[in-house]
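Accompanying notes for the structure given below.
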Amino acid sequence: MSSLTLDAAEEIIDAAHKRAQSIGKAVSVAVVDAGGFPIAIRRPDGARPLTPDIARAKAYTAAIMQRPGKMLKKWQESQPVFFSQLSQLPGAAMPIMATEGSLTIKKDGEIIGGLGIAGGTADEDQQIAEEVLASLGYELEFAAWGVAGTPAPSSPSSGKDA
């Protein structure tokens, strides 16, 4: 089992801050381990005061739900009561935020943590997160929610029962 080290977390945060600066944004960045526990959170000068908490909740969501926040949006929209109750569970350390800028950190097919970025627009947070993880060699592909592995190939229907 791989783990996400403090050095790796700081490398992700440094890369995210550099990318954000290149588009004129001050974003907070949070990196958590696979259980959703914080490894490192950084708020640069100019970032709004609430952004570290938002970034941490985004990272927590990606880690414990084992999918990027953006993938969870339709599920949240279709079952808002269920999603609001997730954050009330006794073991829930943070709110569940199904939104952009919330990416699962995956290496060699294993989920090792979560990344949260807050401070830009939703699209900017997402773009920064994706570009940084891709540039550092992390995997960005995930099967559809609730589906293990890859989908089975579909065969044309012949109209006959087998």
**Asked** For the range 119-138 and the range 31-79, what is the separation of their Cα centres, given in Å?
**Response** 13
**Request:** Could you work out the longest stretch of the chain that avoids the chymotrypsin sites (Phe, Trp or Tyr not before Pro) located in DSSP loops with at most 16 other Cβ atoms within 10 Å?
**Result:** 1-141
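Can you give me the accessible area per residue for the chain, using a 1.4 Å probe, in Å²? Show your work: numbers first, answer last.
Working: 8970 Å² over 162 residues.
For the chain, the solvent-accessible area averages 55 Å² per residue.
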**Asked** To the nearest 10 square angstrom, what accessible area does residue 136 show with a 1.4 Å probe?
**Response** 50
**Fill in**
Given backbone amide H placed at 1.01 Å from N, residues whose amide H is under 5 Å from that of residue 87, ignoring those fewer than 5 places away on the same chain, are 96
**Request:** Treating only the Cβ atoms of Lys and Arg (+1) and Asp and Glu (-1) as charged, compute the dipole magnitude of the chain about its Cα centre; round to the nearest 20 debye.
**Result:** 380
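For 23, 96, what's the largest-to-smallest order of accessible area, 1.4 Å probe?
Values: 23 65, 96 20 Å².
Sorted by accessible area, descending: 23, 96.
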**Request:** Pick out which of 35, 119, 24 has the largest mean-square fluctuation in a Gaussian network model of the chain, springs linking Cα atoms closer than 10 Å.
**Result:** 24
**Asked** Amide H of residue 120: which non-local residues (sequence gap of 5 or more, or other chain) have their own amide H closer than 5 Å, using H built in the peptide plane?
**Response** 125
**Asked** Under a point spin-label approximation (7 Å from Cα along Cα-to-Cβ), what is the residue 107-residue 81 distance to one decimal in nm?
**Response** 4.2
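Report, in deg cm²/dmol and to the nearest 500, the calculated mean residue ellipticity at 222 nm for the chain, where each DSSP H run with n ≥ 4 adds -39500 (n - 2.57) and the sum is divided by the residue count.
Mean residue ellipticity at 222 nm (helix-derived): -12000 deg cm²/dmol.
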**Prompt:** Can you run phi through the Karplus equation (6.51, -1.76, 1.60; θ = phi - 60°) for the range 6-21 and list ³J(HN,Hα) in whole Hz, with x for Gly and Pro?
**Reply:** 4, 4, 5, 5, 5, 5, 5, 5, 4, 5, 5, 5, 5, 5, 5, 4
**Message:** Within the range 85-124, what whole-number % of the accessible surface is contributed by carbon and sulfur, with the 1.4 Å probe and all protein chains included in the calculation?
**Reply:** 52
**Complete:** For the range 26-36, Karplus-derived ³J(HN,Hα) couplings (6.51, -1.76, 1.60; θ = phi - 60°; whole Hz; x for glycine and proline) come out as 10, 10, 8, 10, 10, 10, 10, 7, 4, x, x
**Complete:** Answer check: the range 1-93, Cα atoms, Kirkwood Rh, Rg/Rh ratio of 1.00
**Complete:** Taking every alpha carbon pair in the chain and sorting the distances into 5 angstrom bins from 0 up to the bin holding the longest one, the percent per bin comes out as 2, 10, 18, 22, 18, 12, 7, 4, 3, 2, 1, 1, 0, 0
**Request:** Please work out the FRET efficiency for the pair residue 88 and residue 122, using the Cβ-Cβ distance as r and a Förster radius of 25 Å; give the result to the nearest 0.05.
**Result:** 0.50
**Asked** Under 17 Å Cα-Cα from residue 70, which lysines qualify once same-chain neighbours fewer than 8 residues away are excluded?
**Response** 58, 106
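The values are calculated or read from the model by the stated rules, or taken from the named source; none is laboratory data. No experiment lies behind these values; they were computed from the predicted model shown. Cβ sites come from the backbone with ideal geometry, for glycine too, and all protein chains shown count toward neighbours. The protein model used for the area step is the full one, side chains on, heavy atoms only, and it has no ligands, DNA or RNA in it. Shrake-Rupley method; radii C 1.70, N 1.55, O 1.52, S 1.80 Å.
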